[in-house]
1. I'd like the residue in region 335-345 that is touching a residue at least 60 places away in the same chain (Cβ under 8 Å) and under 13 Å from Val307 (Cα atoms) and, out of all such residues, is surrounded by the most Cβ atoms within 10 Å (Cβ to Cβ).
2. Against the definition (in the same structural domain as Glu467 (by TED's automatic domain parsing) and at pLDDT 85 or above), how does Ile280 come out, yes or no?
3. Specify which of the listed residues (Gln462, Gln433) is in a helix (DSSP H, G or I), out of contact with any Asp or Glu (no Cβ under 7 Å at 6 or more places or on another chain) and either surrounded by fewer than 19 Cβ atoms within 10 Å (Cβ to Cβ) or at pLDDT below 85 (or both).
4. Sort out which residues of region 401-420 are part of a loop (DSSP other than H, G, I, E, B) and hydrophobic (A, V, I, L, M, F, W, C), and write them in order of number.
5. In the list Asp458, Asp405, which residue meets the criterion of being of a type in the set (Asp, Glu) and more than 17 Å from the chain's Cα centre (by Cα)?
6. Report yes if Leu505 is closer than 27 Å to Leu337 by Cα, aliphatic (A, V, I, L, M) and more than 25 Å from the chain's Cα centre (by Cα), otherwise no.
7. Give region 362-395 a look and list any residue that's out of contact with any Lys or Arg (no Cβ under 9 Å at 6 or more places or on another chain) and of a type outside the set (Asp, Glu), or say none.
8. When you go through Asp349, Asp386, Asp408, Asp400 one by one, which is the residue that is touching a Pro at 6+ places or on another chain (Cβ under 9 Å) and either touching a residue at least 12 places away in the same chain (Cβ under 8 Å) or charged (D, E, K, R) (or both)?
Amino acid sequence: MSDMVLSIQNLKVDLPVWSDRAHAVDDVSISVREKEILCIVGESGSGKSIMAKSILRLLPEPHVRVSGGSIMFEGNDLLDVADEHMRFVRGGRISMIFQEPMAALNPLMRIGRQIDEIIEVHTSLTASKRREKVIALFDDVRLPEPERILTSYPHELSGGQRQRVMIAMALALEPALIIADEPTTALDVTTQAQILHLMKDIQRRHGTSILFITHDFGVVAEIADRVAVMRYGKLVETGTVNEVLSSPTQDYTKALVAAVPSMTPRHRPSERPENSILVINNLVKTYAARGGVFGGKSKAVHAVAGVSLKVPNGHSLALVGESGSGKSTLARCIVGLEQSNSGEILLDDINIAGLSRTELRPYRNTVQMVFQDPFSSLNPRQKVGDIISLGPMLKGTKKDKAWEDARDLLCLVGLDPKAVERYPHEFSGGQRQRIGIARAIAMKPKLIIADEPVSALDVSVQKQVLELLDDLRKSLSLSMLFITHDLRVAAHVCEEIVVMRNGVLVEQGATANIFSNPQHEYTKALLAAVPGEGWQQRS
C-alpha cells in the first residue's frame with residue numbers, strides 16, 4: 001500500500017536454548033501507516049521491545065537473533081541491507097525513544113553536544129547552524145530555557161525534561177518513523193500527560209508515524225489510532241483504538257483492559273475509627289543543598305514542611321503527589337531511615353520522632369515498609385527464606401520456626417512455599433514484590449507503609465498486587481499508608497486520600513469525595529492528568 005511506512009511480515013526472533021520459550025517474537029505481522037500512531041500493547045516478556053529492536057537491528061546477536069520474516073521500510077528489507085545503509089536509517093529515517101532516558105543519555109556529555117553529534121554525523125551543517133537547529137528542537141519539545149539546557153548534563157534535568165530531550169533527539173533529522181519504547185512508564189501522571197500530549201502534537205505538526213510500545217491501556221486510549229496486542233511473542237489482536245478498547249474479542253485483551261485501575265473508587269466513605277495507629281503533628285524535614293555544582297552558598301530545601309495527618313486503626317490512607325512532593329521523605333522519617341528536624345510521630349501514642357535506630361528497634365514490628373523497587377530492595381545473595389525469616393529471627397524466633405512461617409507467608413501472598421530455597425533473580429517483578437510484602441508482614445506489624453509498590457509493574461500484575469494488599473489489610477486487620485502518584489491506584493485500596501505538594505498537604509478527604517468534588521487546583525490537575533480518563537468515564 002502506498003501509505004505504508006513500515007511493514008513487518010511473519011517476523012520470528014529466536015531466544016537462547018536456555019530460555020523459557022523458543023521465540024521472543026513468533027510469526028508477527030504488523031504495519032504502520034503514514035501519520036499514524038500504532039500502539040503495541042502487552043505485558044513484560046510479550047516481545048514488544050524485542051520486535052522494536054529488530055527493526056533497527058539492535059538485537060544482542062547471536063544469542064537473540066531474527067530467524068525469519070521481513071521488515072520492509074522505504075522499499076528495502078531492513079534485515080538484508082548493508083550495515084552502511086542501516087547507519088543511514090538509524091536516527092536519520094527511523095528514530096527510537098528509549099524507556100529510561102537516564103540510561104540512554106551519556107552522563108559525561110552535555111545535552112547540547114549529544115544532539116549536535118547526531119546532526120553532525122548525518123548532515124553537512126556548520127557548527128553554528130547545528131546549534132540553531134538544536135535550540136529550535138528544544139523549543140519544539142517545549143523545553144524551558146533552551147540555552148541553559150544546551151550546556152546542562154543529564155543529571156541536572158528532571159525526568160520529564162530528560163524525556164523531552166530524548167524526543168528532541170528523535171526529531172533531530174525529521175525521521176519518517178519514531179519508535180517509542182515505554183517512554184512514559186517511569187514518569188508522574190502530570191509529566192506523563194505532558195509527554196503524551198507533546199508526542200501527539202509533534203505527530204500532527206510533523207506528519208511523523210509513531211510505533212508506541214506500552215503496557216497501559218490508559219495510555220493507549222490517550223494517544224493511539226490503532227492497537228496491536230502481543231502475548232508471549234504472538235500477535236493476539238489488532239484493530240482501531242475504539243474497537244479494541246470498547247469491544248475486545250480476545251480474553252487476554254479483555255483482561256488487560258479490565259486491569260486498568262478504575263476512575264470509580266472501590267471504597268465508599270465508612271465510619272472513621274476514633275483511635276489512630278499513626279498520628280503526625282507538624283513534622284518538618286529540611287535538607288541543606290549547595291547552590292551550585294562546585295559549591296557555593298547553601299540553601300534549605302523543605303522536603304516536609306509542617307505536615308500533620310492521621311492513619312486510623314484498620315484503615316488505609318493514600319498519600320498522593322508527584323516526585324519531589326516529599327512523600328517518600330515523610331515515609332522514611334516514620335520508619336527511622338531519616339531524622340526529622342521537628343514535630344511528632346506518634347506510633348501507638350508513643351513519640352518515635354528523633355529516636356536513634358537502636359532506640360527504634362522495639363517498634364520495628366509495629367511498622368514495616370514495602371519499597372518501590374522489588375529489584376533493589378531484596379538482597380540478591382540471600383535465599384527468599386532467609387530474606388523473610390531474618391526479621392523474626394532477630395526478634396528471637398528459632399530458625400526452623402521462622403522458615404516454617406516463611407513458607408506459610410509465601411502461600412498467603414500467592415507463591416509456592418518451595419520458593420524459600422530460591423533467589424530473588426529467579427522471580428518476575430510482580431513475584432518479587434509479593435516476596436517484599438511477605439517480608440513486611442512476617443514481623444506481624446500493625447501498620448504497613450507501601451511506597452509506590454506497584455509503579456514499576458505491568459497493569460495486570462499491578463492489579464494483582466493491589467488486590468493482595470487490600471485482602472491482607474482486611475484479613476490481618478492492618479492499617480496502611482499507601483504512597484503513590486496515581487490517584488487511580490489510590491482509589492483501588494484506600495478509604496481516604498491526602499494530597500501532598502512541595503512538602504505541604506493541600507487537600508484531604510474520603511476517596512469518593514476527592515474524586516467527585518476535588519477542591520484544590522493541584523488535585524484537579526492530578527485527576528485530569530490520568531491517562532485514558534475520558535475513555536474510562538465513558539466505559
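1. Ile345
2. So Ile280 passes the test.
3. On the way: Gln433 fails: either surrounded by fewer than 19 Cβ atoms within 10 Å (Cβ to Cβ) or at pLDDT below 85 (or both).
Exactly one of Gln462, Gln433 is in a helix (DSSP H, G or I), out of contact with any Asp or Glu (no Cβ under 7 Å at 6 or more places or on another chain) and either surrounded by fewer than 19 Cβ atoms within 10 Å (Cβ to Cβ) or at pLDDT below 85 (or both), namely Gln462.
4. If the condition is that a residue be part of a loop (DSSP other than H, G, I, E, B) and hydrophobic (A, V, I, L, M, F, W, C), then Val413, Leu415 are the ones that fit.
5. On inspection, the qualifying residue turns out to be Asp405.
6. So Leu505 does not fit the description; no.
7. Answer for region 362-395, where residues must be out of contact with any Lys or Arg (no Cβ under 9 Å at 6 or more places or on another chain) and of a type outside the set (Asp, Glu): Pro362, Tyr363, Phe371, Gln372, Ser376, Asn379, Pro380, Arg381, Gln382.
8. Matching residue, one of Asp349, Asp386, Asp408, Asp400: Asp408.
The values are calculated or read from the model by the stated rules, or taken from the named source; none is laboratory data. These numbers come from a predicted model, not from an experiment. Backbone-built Cβ (ideal geometry, glycine too); neighbour counts: all protein chains shown.
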